[in-house]
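Bear in mind that the values in this text are calculations on the coordinates, not laboratory data. All figures in this text were calculated on a predicted structure; none of them were measured in a lab. Glycine gets a Cβ as well: all are built from the backbone with ideal geometry, and neighbour counts include every protein chain shown.
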Amino acid sequence: MSRPRVAVVGGGLAGITAALAAADRGMDVTLFEHRRTLGGRTWSFERDGRSFDNGQHVFMRCCTRYLALLDRLGARDLVHLQDRLDVAVIAPGGKVHHLRRSALPAPTQLGPALAAYGHLPWRARLEAAKVSLALRRLDLRDPALDGQTFGDWLRARGVGRDAVAGLWDVICRPTVNQPADDASLALAAKVFKTGLLERRDGADIGWATVPLGRLHGEVPAAALEAAGVDLQLGAKVYEIDGLSVRTASDRTTADAVVVAVTPDVAARLVPEAGIDAVALGTSPIVNVHVVYDRRVTDLAFAAGLDSPVEYVFDRSDSSGVDPGQQCLAVSLSAAEQWVGAPVDELIDGFVDELAALFPAASGARVLDAVVTREQRATFSGRPGTGAHRPGPVTSRAGMFLAGDWTATGWPATMEGAVRSGESAAVAVAAHLARVPVAA
């Protein structure tokens, strides 16, 4: 009997995971990706001998399935994971306070850091502990959580705007890609409960130490080929008729198909799935990369406070700048106000803002600056989107969905993408166990 044939459409993290999981189960897998490289919305490009990522993508220790994927790829040595959560929060003029976890058990591990967190008055620090306990009591299975914003929930518990900006948005905005005032309480609660309130080390932060084009492109391509997956790169899928996948040059018939693309493309390819891409919405991310002729900070990354700079990361090693130079990447989530701004305006403005946070930058020479924009980086993460996130199984027999926008329970994160790919592979295996495979 021949091996079951599975087609995976989309070469982002969801598609990579689904293809590897299916191949590891003994299936004959073909992966179609319209670009010439894998990685989906996590990619890199080169300019004047330097490498820049399209955005700063991070993960946490609680992202267990993403970490498992890195292990499967043999890529753990290509990322850095903090030994202990430490977020430097910096205000103009260089005033820094750290959100650093202790060795205490969850949920008290941030207690000492909150007690010393000088960006908030004492009352707000005490209030944060009470709010954390209230968050911990929320039931993530309750659909009512997706009916209100995290900001409204915080205000109902007496949290003021300064505390929202100075603490809660530091975590909510980059993980949900929405500020607390617009973010679904369900998604925000997932982040805080899973990352900070259930295990002591869950929120330790990790990031790639090499360009994303290598970590999510070259390395997975080698692993997929070693697993026997037929990689069809530069192969845009125009139509899926039944379980027959049509590209510009060929048609491939499979026993099961996993569609791991953005919701608008999935809605076109699988119309009977009822995907409402408009209801899911989109939220942009903008990054401003600045190369200096000298080092202007020793921080690996920092959150900005009272500044348009939301987060800034030192990407010197992965970008390949010359010794003594420094490359900083400013990451702007929920970036509606920035996504349409002229490039020169963004560069000039954020060079000035970086100088306000890091005084040493004011005397440094800017050697290069690049702006990257992902206009549809994630689904919107606003209240009500949960009802529009489908599971992996569709009404078309043998057709399955994957992507960070599907019903993973997570925001649009790398962890959510990987989990969706795993779920799709499990659903494929269950389907094929019931359906005879043609010889």
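Note on the range 222-293: Kirkwood hydrodynamic radius from all Cα pairs is 15.3 Å, rounded to one decimal. The rule of thumb for compact globular proteins, 2.2 N^0.38 Å, goes into the C-alpha radius of gyration of the range 393-439 1.28 times. A Förster distance of 51 Å, applied to the separation of the beta-carbon atoms of D298 and K130, puts the FRET efficiency at 0.90. The mean sequence distance of close C-alpha pairs (under 8 Å, at least 6 residues apart), as a share of the length of the range 173-248, puts its relative contact order at 11 percent. Taking 24 Å as the straight-line reach from the Cα of K190, the lysines in range (excluding those fewer than 8 positions away in the same chain) are K130. Sorted from greatest to least, the principal axis extents spanned by the alpha carbons of the range 110-224 come out as 52, 35, 24 Å. Normalising the average separation of contacting C-alpha pairs (under 8 angstrom, six or more residues apart) by the number of residues puts the relative contact order of the chain at 25 percent. Axis of helix 64-73 versus longest Cα principal axis of the chain: the two differ by about 60°, to the nearest ten degrees. In the chain, Rg over Rh equals 0.98, where Rg is the alpha-carbon radius of gyration and Rh the Kirkwood radius from pairwise Cα distances. Relative to the dominant Cα principal axis of the chain, helix 122-136 is inclined by about 20°.
For K193, the aspartates and glutamates whose Cα comes closer than 16 Å to its Cα, not counting residues fewer than 8 places off in the same chain, are D139, D142, D146, D169, D201, D204, E415. Residues within the reach of a label modelled at A227 (point 7 angstrom out along Cα to beta-carbon, backbone nitrogen below 14 Å), restricted to the range 15-41, are 15-32, 39. Spin-label model, A360 to K95: label points 7 Å out along the Cα-to-beta-carbon direction sit 2.2 nm apart. Bridgeable aspartates and glutamates around K95 (alpha carbons under 18 Å apart, same-chain partners fewer than 8 residues away excluded): D86, D162, D298, D306, E310, D352, E353.
Under the 0.36 nm per residue contour assumption, what length would be gained going from the current alpha-carbon distance of R199 and R161 to full extension?
Numbers: separation 38, 0.36 × 38 = 13.68 nm, distance 2.77 nm.
Gain on stretching R199 to R161: 10.9 nm.
Taking only Cα atoms, what is the 0 to 90° angle, nearest 10, from helix 13-24's long axis to the longest principal axis of the chain? Roughly 40 degrees, rounded to the nearest 10.
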